[in-house]
1. Could you tell me which of the pairs K68/K88; K127/K195; K88/K127; K68/K231 are separated by over 25 angstrom between their Cα atoms in the structure shown?
2. If each residue's Cβ is checked for other Cβ atoms within 10 Å, how do V234, V40, V245, V268 rank with the fewest at the top?
3. Can you sort E105, E149 from fewest to most other Cβ atoms within 10 Å of each residue's own Cβ?
4. When the Karplus curve 6.51 cos²θ - 1.76 cosθ + 1.60 is applied with θ = phi - 60°, which whole-Hz ³J(HN,Hα) does each residue of segment 82-98 get, with x for Gly and Pro?
5. Would you list K88, K176 from fewest to most Cβ contacts within 10 Å?
6. How far is it, in nm, from the label point at K57 to the one at Q276 when both lie 7 Å from their Cα along the line to the Cβ?
7. Add +1 for every Lys or Arg and -1 for every Asp or Glu among the other residues with Cβ under 9 Å from the Cβ of V233, and state the total.
Amino acid sequence: MVLRALVRRTGVWLAVVASLATSAGCGAAKSTSTTAQMSVQPPSAAALASVLSAARKTVSSTAKYSMKMSNATALGGSASASGFFDFKASQGTMTLQNGSSGGTEQIVFTANDLYIRSSGTPTASGKPWILAAFDAADAPAEYRQLIFEAEAIDPGFTLNQLTTGLVSAAAAGQVKVNGELANRYVVTVDLNRAKSNSAGAAAPAYLDGLSTESGASPSPSASPAQDATVKMVVSIGSEGYVVAVEVTPPRADLGDLSLNLSNFGTPVPVQLPPQQQTTTVSHSLPSSETSTTEPAANGPGG
């Protein structure tokens, strides 16, 4: 994702992450830019049950998605993305377009790894793809931030927060999504709760991302951050799936993110780049010495 330079040593300028948490707030609930314009009812158990049921149904399926980011400082204003995602397998594809620079990136998500191919940005080795591992708990701070920024645009990460950290929901009328009316809710996600409940192949990666959002240490034994909540606007379609999510990801410098989901149950073929076309970002080096090495293997994560 072309946001900032990822690797400078050996001449690699594949920009994947936003600025290193320079504009993020911490702690208190983050709200989207549209909630003030809604007629929001008081939170209710019925609304909470509806959103949780829809989120669970969605993460058990696959979908086509599109995404928009506005007021994104790291992007110079805006960006858009589209692709397909298998939520149950925690893998999918993305084409990301930076609205300010016009750059285009191809991204492949797996449960444990991220592959990026940036147009016009060759690696030092001449290979078009870069592989970055999501397992960043023991990595330098700069690498952990890189991984977090990638997770912030991972559709699976957003939906995971709804299924694991949802604590309240309030009905907010209806809105047209994909040409049909959908029920809209303003919800609150407790990031500490999401950390405690995360499970599955992508849990280690999600745990680190949730820790970064909440401002806490990535260590599972670390004390939780206080008042680590995030507000989202969630829309549920007539078939009971989540069809849209609006959120301002904390600490991500990505501005307001809008996620649209459709074509549930569609096949999501994920083909990993050939090993001979991939170079690996090493996070075992000190943060000031980030470099690239050859990938040891090219199998799917998890």
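Every number here is computed from the coordinates shown, using simple stated rules; none is lab data. These numbers come from a predicted model, not from an experiment. For neighbour counting, all protein chains shown are included, and Cβ atoms are generated from backbone atoms with ideal geometry for every residue, glycine included.
1. Working: K68/K88 23 Å; K127/K195 36 Å; K88/K127 30 Å; K68/K231 18 Å.
From K68/K88; K127/K195; K88/K127; K68/K231, over 25 Å: K127/K195; K88/K127.
2. Values: V234 29, V40 16, V245 25, V268 19.
Least crowded to most crowded, the residues run V40, V268, V245, V234.
3. Working: E105 22, E149 27.
Going from sparsest to densest Cβ surroundings: E105, E149.
4. For segment 82-98, the Karplus curve yields 7, x, 10, 9, 9, 5, 5, 8, 6, 8, x, 10, 8, 10, 10, 10, 8 Hz.
5. Details: K88 14, K176 9.
In order of increasing Cβ crowding within 10 Å: K176, K88.
6. Output for this residue pair reads 4.7 nm.
7. Net charge around V233: +1.
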